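Have a look at the structure below before the remarks.
What follows draws every value from the coordinates through simple rules; no lab data is involved. Here the structure is a predicted model, which is why all the values come from computation and not from measurement. Cβ: placed from backbone, ideal geometry, glycine included. Neighbour counts: every protein chain shown.
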Amino acid sequence: MPWGPPVPHSYHPDHYNAHGWLRLPLLFWLVLLLLARTWLLFIMAGASQGQGAALLALFYPDHDHFWWGMALGLPAALLFLLSGRRHRWPHVWHAGWWLMLAALAVSLAVQGVALWQSPQPALSDLLLTLLDSAALAWWLLSRSLKRAFSAAENGE
């Protein structure tokens, strides 16, 4: 990949799965969960018998924020579904890195605007902004993640 420092070409054999693909780091899955938090809440609301609307109203009193969360979580949900089949669609998998980067940046911007417009920001908003900024920084700086998304790793 043309960006960032050189990525090492060899890892310990434990870093590879049974199919010879580099394992995705644990933080990758946590970033996916962080960005897809609205999707997770939506699934939990659908699974709760009759209390789903109340659950969604508790976390998203403004419906616009809910739809923003669904849109920003879509790349994470798609990468989650694609992660087990990344060898079948290597170009789509490689583009997923950029899509998630954009989604993380927009999510951080939306959180920042929400904090800026709020007269008294909630602790949860501050925490989500901090987590979004840490996730974005890790996404940009992780060598193992870049290697897992690289064209050479995916058999191109």
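Laid out as a table, the results:
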| quantity | calculated |
| --- | --- |
| Full-stretch length increase - GLN117, ARG143 - with 0.36 nm per residue and alpha-carbon distance subtracted | 5.8 nm |
| Segment 26-149, relative contact order [Cα under 8 Å, separation at least 6], % | 25 |
| Cα-centred dipole magnitude for segment 26-149, charges only on beta-carbon of K, R (+1) and D, E (-1), debye, nearest 20 | 760 |
| Other-chain or far-sequence residues with amide H under 5 Å of ARG23's (modelled H) | TYR16, ASN17 |
| Extension gain (nm, one decimal) between TRP67 and LEU26, 0.36 nm per residue minus Cα-Cα | 12.0 nm |
| Total formal charge among the other residues, if their Cβ is under 15 angstrom from that of GLY112, Lys/Arg +1 and Asp/Glu -1 | -2 |
| Efficiency of FRET from Cβ geometry, SER133 and ARG85, R₀ 22 Å, rounded to 0.05 | 0.10 |
| Label-point separation, LEU55 to ALA109 (7 Å along Cα→Cβ), nm | 3.2 |
| Neighbour net charge for ALA103 - beta-carbon separation under 15 angstrom, K R +1, D E -1 | 0 |
| Residue among SER142, ALA71, SER118 farthest towards the positive dipole end of segment 26-149, charges placed on Cβ | SER142 |
